[in-house]
1. I'm checking my understanding of the structure. Among residues of the stretch 27-53 that are of a type in the set (G, A, S), more than 20 Å from the chain's Cα centre (by Cα) and open to solvent by 10 Å² or more (accessible area, probe 1.4 Å), which one is nearest to Y139 (Cα to Cα)?
2. Given (1) in contact (Cβ under 8 Å) with a residue 12 or more places away in the chain; (2) more than 30 Å from L58 (Cα to Cα); (3) among the aliphatic types (A, V, I, L, M), identify the lone condition not met by A140.
3. Identify all residues within the stretch 118-137 that are among the hydrophobic types (A, V, I, L, M, F, W, C) and without any contact (Cβ under 8 Å) to a residue 24 or more places away in the chain; write none if there are none.
4. Working only within the stretch 54-108, note down all residues that are of a type in the set (G, A, S), under 24 Å from A166 (Cβ atoms), in contact (Cβ under 8 Å) with a residue 12 or more places away in the chain and open to solvent by less than 20 Å² (accessible area, probe 1.4 Å).
5. If you go through the stretch 150-171, how many residues are farther than 18 Å from E70 by Cβ and among the charged types (D, E, K, R)?
6. Return the only residue of L115, L145 being touching a residue at least 40 places away in the same chain (Cβ under 8 Å), open to solvent by less than 80 Å² (accessible area, probe 1.4 Å) and outside any loop (DSSP other than H, G, I, E, B).
7. Tell me whether the stretch 184-197 contains one or more residues that are polar (S, T, N, Q), at pLDDT below 95 and part of a loop (DSSP other than H, G, I, E, B).
8. Condition first: closer than 17 Å to R95 by Cα and not in a loop (DSSP other than H, G, I, E, B). Now tell me which residues in the stretch 162-177 satisfy that.
Amino acid sequence: MGGRTRRRGDALLAVVHQAVLDELDEVGLGRLTMEGIARRAETAKTSLYRRWPSPEELLLDAIAAAYPVEVPSPAADDLRGDLIRALELMIAWSRHPTARAVQAVLAERHRHPALVDALYSRVFEPAGRRFTATVLHHYAEVGQLDPGLITPVVEDIGEALVMKHAIDTGEEPTSQRLAEIVDQAILPAVHGSPTRR
C-alpha cells in the first residue's frame, strides 16, 4: 500500500502509461478496462478516473506522450538530410510499444472509429502530421518547396516505402535504403535535387 501513496507526478504517470500499453498487448483493445490497468499499475482505479474518463483516453495519452515530433533544420537548408532523419525517427519509434498500440487502434477502426479519429486529431496532427510530411511542409512554409506539390500521396511516399521494405524483407531498411527512398522517390516528387556522393 505504501508504494501506491509514494508514487506521484511523472513517476506515477510513467507507470500508468506503461500499464495501459502492457494491458493492451495482453488483452487487446476490446477488453481494455480501467480495472485491468489499475491492477497492473498497482494504483487505485478511482485515481485513474480522476484524470481519464475511459481506458481509451488513457491509451491516447500514453501514445501522445511517446509519439516523436520531427524537428527539421530551422534554416531549411538540408532537405535531403532532414528527410532521411525523419525516416530514421519513424524507424526508431516503430520499436516503441506505442507503435504496437497505434497498430492495434488502427486495426479496430471499424469498431472504434471515434478512437481512430482522435488518434489522428490529437496525436498525429499536433506532431505535424507524420515524419516526412512535417519536413516537407516546413520547407514549403519557408518558400523552399512548392506547397502544391506536397499532396497526400507525396506525404506518404517515404513511410509507405519503409513499411513495404519491412513487409517484403522482415527487416528494417538500412541507411543506404533510406537514402535511396529519399533520392529516388521523395525528392523527385517535390522537384528536389538529390546530393550525389
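1. Once the filter is applied, the top-ranked residue is G30.
2. Exception for A140: condition (1).
3. We begin by selecting, within the stretch 118-137, every residue among the hydrophobic types (A, V, I, L, M, F, W, C); these are 118-119, 123-124, 127, 131, 133, 135-136.
Passing the criteria: only A133.
4. Within the stretch 54-108, A62, A86, A101 qualify.
5. Number satisfying all stated conditions: 3.
6. After applying the criteria, what remains is L115.
7. The answer is yes, given that some residue of the stretch 184-197 is polar (S, T, N, Q), at pLDDT below 95 and part of a loop (DSSP other than H, G, I, E, B).
8. Matches in the stretch 162-177: V162, M163, K164, H165, A166, I167, T169, S175.
The values are calculated or read from the model by the stated rules, or taken from the named source; none is laboratory data. These numbers come from a predicted model, not from an experiment. Using ideal geometry, Cβ is built from the backbone for each residue, glycine included, and neighbour counts are taken over all protein chains shown. Ligands, DNA and RNA are stripped out before the accessible areas are found, and what is left, the full protein with its side chains, is counted by its heavy atoms. Shrake-Rupley method; radii C 1.70, N 1.55, O 1.52, S 1.80 Å.
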